[in-house]
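S.K.: Please find one structure pasted underneath; my questions will follow.
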Amino acid sequence: MTAGGSAGHRTWGSGEVIQRGDDRLTVLFDEAVYREPHLDAVIDQRQLTEAPAPPA
């Protein structure tokens, strides 16, 4: 997942990846909530999925 990409979470819904750090992602979800999951959890536990970008 890269900054500017879309992400989905089964509880938090859809969001946009704002920043990717060394060990965390910063995601702004549609409900105006920021979350910063650890990359290990995102990858190992599949907490986020890459979502297709919305049409332009």
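The values are calculated or read from the model by the stated rules, or taken from the named source; none is laboratory data. Quick caveat: nothing in here was measured; it's all calculated off a predicted structure. Neighbour counts are summed over all protein chains in view; Cβ atoms, including those assigned to glycine, are modelled from backbone coordinates with ideal geometry. All accessible areas refer to the heavy atoms of the entire protein, side chains included, with ligands and DNA or RNA removed. Shrake-Rupley method; radii C 1.70, N 1.55, O 1.52, S 1.80 Å.
S.K.: Is there a quick way to get the dipole size of the chain? I mean about its Cα centre, with the Cβ of Lys and Arg at +1 and of Asp and Glu at -1; what is the value in debye to the nearest 20?
M.R.: 100
S.K.: Counting Lys +1, Arg +1, Asp -1, Glu -1, what net charge surrounds PRO37 among other residues with beta carbon under 15 Å of its beta carbon? If you can, show how the numbers build up before the last one.
M.R.: Working: positive: ARG10, ARG20, ARG24, ARG35, ARG46; negative: GLU16, ASP22, ASP23, GLU36, ASP40, ASP44, GLU50.
Net of charged neighbours comes to -2.
S.K.: Name the residue farthest towards the positive end of the dipole of the chain from the options HIS38, THR11, MET1, assuming +1 on Cβ of Lys and Arg, -1 on Cβ of Asp and Glu, about the Cα centre.
M.R.: THR11
S.K.: Sticking with this structure for a sec: How charged is the neighbourhood of VAL27? Take every other residue with its Cβ under 12 Å from the Cβ of VAL27, and add Lys/Arg as +1 and Asp/Glu as -1.
M.R.: Net charge in that neighbourhood comes out at -2.
S.K.: If I take every Cα pair under 8 Å that is 6 or more residues apart in the chain, average their sequence separation and divide by the length, what percent do I get for the relative contact order?
M.R.: This gives 33 percent for the chain.
S.K.: Can you give the accessible area per residue of the chain, in Å², using a 1.4 Å probe?
M.R.: Solvent-accessible surface per residue comes out at 73 Å².
S.K.: Among (1) 0.93; (2) 1.01; (3) 1.09, which is the computed Rg/Rh (Cα atoms, Kirkwood Rh)?
M.R.: (1)
S.K.: Rounded to the nearest percent, how much of the accessible area of the chain (1.4 Å probe, protein heavy atoms only) is carbon and sulfur?
M.R.: On the way: 1890 of 4080 Å².
Carbon plus sulfur share of accessible area: 46 percent.
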